Amino acid sequence: MSQPLIIPLASLPTAPGEFRRRALQWAAQFRYCAYFEHNDQLAYPRGPFGRLLAVADAAPGAPGSLAGLGDYLAQPAAGAPRCGFLTYDLKNEVEALSSENFGALEWPLLHFFTPATWLIWQAETVEIHGVTDGILAAILATAQPAGAPPQVPALRPRLPKADYLRAVAAVREDILNGEVYELNLCQEFYAENVQLDPTALFWRLNAASPAPFAGFVRWHDHYLLCASPERFLTRRGPTILSQPIKGTRRRGPTPADDAQQRQALLADEKERAENLMIVDLVRNDLARVAATGSVRVPELFGLYPFRHVWQMISTVEATLRPGVALPEILRATFPMGSMTGAPKVRAMQLIEHYERSRRGLYSGSIGWVGPGGDFDFNVVIRSLQYRADTGYLSFQVGSAITYDSDAEQEYAECLLKAQGLLEALGTVIS
């Protein structure tokens, strides 16, 4: 293992983002690749993802379950971060649940790998760690991905609109009957036999929807292209922090209209109630691994602008009990409440009943675990899932259903969240 190479960014190609584009194009040739990108959204509360690119051709001893994750993380890694993902169906290991719906994506429940080479971007430099010989030259010799839009047919709904509207009505009945308070109902849009360049599409997606918790993952022939605005969990020393998003409004076309949209979101009792329900759920989840009395909410109903939408974001943090490791934290908190509803287990049972397809990595998480035990994980939303071996391309969008929900408005919210994805794909929903 050689010493890290530290390269001034000023000495690299100067076109905006060119070196990162070349680096990801080079990295995507590896069987295991993970890239985390903040898109310069540095004002995000408590900071966005750090910029990190990691690759490996092999993943010996990689865990496929929470049960194996603790032993894997306990093994020495020569200072390397462990990079990986958690799919939504990991819920079946956390709780007595099952997934019987249609699934074409077939990710493993979870996967982590130890990179052979990893790059870390700092303010003025980029560091190349691990195997470094010839890496910079190989990246600089790699062509940037083409910018042309992919040839993607119109996407089809797995849950037709009329069926979605009926499902919302049924969920409202469930709420009236006391089954749940809130349920996150999602729907899939898909195309088959698609051929595309995943890295080129990733950059198109980030241009359409620059997000603070974006990421690119390759696992064999499976790809995730993610433009997420939401953090699931981060650990910094003894402190653990979660930032659930609940509450969405379209951006206004003029500054005055935009300010009006922001104010309307802040004043919306339904959106505030949704957010508060999930904050309470997150507080209860974190309390299971936190020191007694340490759970706190430093920001409630924060409003933050993104390219297409205003989002209502709250921050919940706690001090971890000594000796609590990542597997135990995930058993207490996964899946994230913003993607299930409350109470969580009954919500997940009803999600299985009403949705038509498995979520795969959607409403799961991607992230990294550092050598000291700190970690950062996002919520996989605003994301494309693609299988190069079968040509299956998919995205999912959803919204939180409460008793006050209007089915047509919830459907419109789903389409609003799909806007950046459709823009990147250059296609429409049929």
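Quick one: 3J(HN,Hα) in Hz for the range 170-185, Karplus 6.51/-1.76/1.60 with θ = phi - 60°, rounded, Gly and Pro as x.
My calculation for the range 170-185 gives 5, 5, 4, 5, 4, 5, 4, 7, x, 5, 9, 8, 7, 9, 8, 9 Hz in order.
Based only on Cα atoms, what mean projected area does the convex hull of the range 263-354 have, in nm²? Don't skip to the end; give the middle numbers.
Values: hull surface 30.1 nm².
Averaged projected area of the range 263-354's Cα convex hull equals 7.5 nm².
Would you please give the residues with an amide H less than 5 Å from that of Leu159, counting only those at least 5 places away or on a separate chain, with H modeled from the backbone geometry?
Glu188
Filter the trypsin sites (Lys or Arg not before Pro) in the range 1-95 to those in DSSP coil with at most 16 other Cβ atoms within 10 Å of their Cβ, and list the result. If you can, show how the numbers build up before the last one.
On the way: sites: Arg20, Arg21, Arg22, Arg31, Arg46, Arg51, Arg82, Lys91; in loops: Arg31, Arg46, Arg51.
Those that pass, being in a loop and sparsely packed, are Arg31, Arg46.
For the Cα atoms of the chain, what angle does the longest principal axis make with the long axis of helix 407-425, in degrees from 0 to 90, nearest 10?
20
Within the accessible area of the chain, what % is carbon and sulfur when the probe is 1.4 Å and the other protein chains stay in place? Working shown, then result.
Values: 8560 of 16490 Å².
Heavy-atom surface of the chain belonging to carbon and sulfur, 1.4 Å probe: 52 percent.
Express the accessible area of the range 162-237 per residue in Å², computed with a 1.4 Å probe while the remaining protein chains stay in the model. Write down the numbers at each step before the final one.
Working: 2340 Å² over 76 residues.
That works out to 31 Å² per residue.
Amide H to amide H under 5 Å from Gly360: which residues, 5+ apart in sequence or cross-chain, H placed 1.01 Å off N in plane?
Amide H neighbours of Gly360, under 5 Å, 5+ apart: Tyr88, Asp89.
Pulled fully out, how much extra length does the chain show between Glu352 and Ser98, if you take 0.36 nm times their separation in residues and subtract their Cα-Cα distance? Could you put the intermediate results ahead of the total?
Numbers: separation 254, 0.36 × 254 = 91.44 nm, distance 0.82 nm.
Fully extending the segment from Glu352 to Ser98 adds 90.6 nm.
Given a 10 angstrom Cα cut-off, can you work out which residue in Thr239, Thr114, Thr199 is the most mobile in a GNM of the chain?
Thr239
In Å², what does the accessible area per residue of the range 1-133 work out to with a 1.4 Å probe? All intermediate terms of the calculation are to be shown ahead of the outcome.
Numbers: 5700 Å² over 133 residues.
Spelled out: the 1.4 Å probe surface of the range 1-133, per residue, equals 43 Å².
Can you tell me which of Ala418, Ala23, Ala74 moves the most in a GNM of the chain? Springs connect C-alpha atoms under 10 Å apart.
Ala74
For the chain, what is the mean residue ellipticity at 222 nm derived from helices alone (per DSSP H run of n ≥ 4: -39500 (n - 2.57); sum divided by total residues; nearest 500 deg cm²/dmol)?
Values: 11 runs with 126 residues, N = 430.
Mean residue ellipticity, 222 nm, calculated: -9000 deg cm²/dmol.
I'd like the Karplus ³J(HN,Hα) series for the range 133-148: coefficients 6.51, -1.76, 1.60, θ = phi - 60°, whole numbers in Hz, and an x wherever there's a Gly or Pro.
Karplus values, whole Hz, x for Gly and Pro: 4, x, 5, 4, 4, 5, 5, 5, 7, 8, 6, 5, x, 5, x, 5.
First obtain the Kirkwood hydrodynamic radius of the chain from its Cα pairs, then insert it into the Stokes-Einstein equation at 25 °C and 0.890 mPa s, and state the resulting D in µm² per second as a whole number. Kindly include the intermediate steps, with their values, before the conclusion.
Numbers: Rh = 21.9 Å.
The diffusion coefficient I find is 112 µm²/s.
How big is the C-alpha Rg of the range 178-233 next to the rule-of-thumb value 2.2 N^0.38 Å, as a ratio?
Values: Rg = 15.0 Å, N = 56, 2.2 N^0.38 = 10.2 Å.
Expressed relative to 2.2 N^0.38 Å, the Cα Rg reads 1.47.
Using a 1.4 Å probe on the protein heavy atoms only, what accessible surface does Trp219 show? Give it in Å² to the nearest 10.
50
Let me have the relative contact order for the chain, percent, based on Cα pairs under 8 Å that are six or more residues apart.
Working: 949 pairs, mean separation 104.6, N = 430.
Relative CO of the chain lands at 24 percent.
Can you work out the accessible area per residue across the range 379-430, with the rest of the protein chains kept in place, probe 1.4 Å, in square angstrom? Mind showing how you got there, number by number?
Details: 1620 Å² over 52 residues.
Each residue of the range 379-430 exposes 31 Å² on average to a 1.4 Å probe.
Using r as the Cβ-Cβ distance of Ala43 and Glu18, and R0 as 25 Å, what FRET efficiency do you calculate, to the nearest 0.05?
Numbers: r = 24 Å, r/R0 = 0.97.
Approximately 0.55, to the nearest 0.05.
Could you give me the ³J(HN,Hα) list for the range 28-37, computed from phi with Karplus coefficients 6.51, -1.76, 1.60 and θ = phi - 60°, whole Hz, x at Gly and Pro?
So the J values, rounded to whole Hz, are 5, 6, 7, 5, 10, 9, 9, 9, 10, 9.
What does the range 97-231 give for Rg and for Dmax, in Å, if only its C-alpha atoms count?
Spelled out, the Cα radius of gyration and Dmax of the range 97-231 are 20.5, 64 Å.
Kirkwood-based Rg over Rh for the range 31-83 (C-alpha set), two decimals?
On the way: Rg = 14.1 Å, Rh = 13.3 Å.
Expressed as Rg/Rh, it is 1.06.
What is the angle, in °, between the Cα long axis of helix 255-267 and the longest principal axis of the Cα atoms in the chain? Nearest 10 is fine, range 0 to 90.
Result, in degrees: 60.
Which of Ala264, Ala169, Ala116 moves the most in a Gaussian network model of the chain with Cα springs under 10 Å?
Ala264
The values are calculated or read from the model by the stated rules, or taken from the named source; none is laboratory data. Note that the structure is a prediction, hence the values are computed from the model and not measured. Neighbour counts run over all protein chains shown; Cβ positions are idealised from the backbone, glycine included. These area figures cover heavy atoms from the full protein model, side chains too; ligands, DNA and RNA do not enter into them. Shrake-Rupley method; radii C 1.70, N 1.55, O 1.52, S 1.80 Å.
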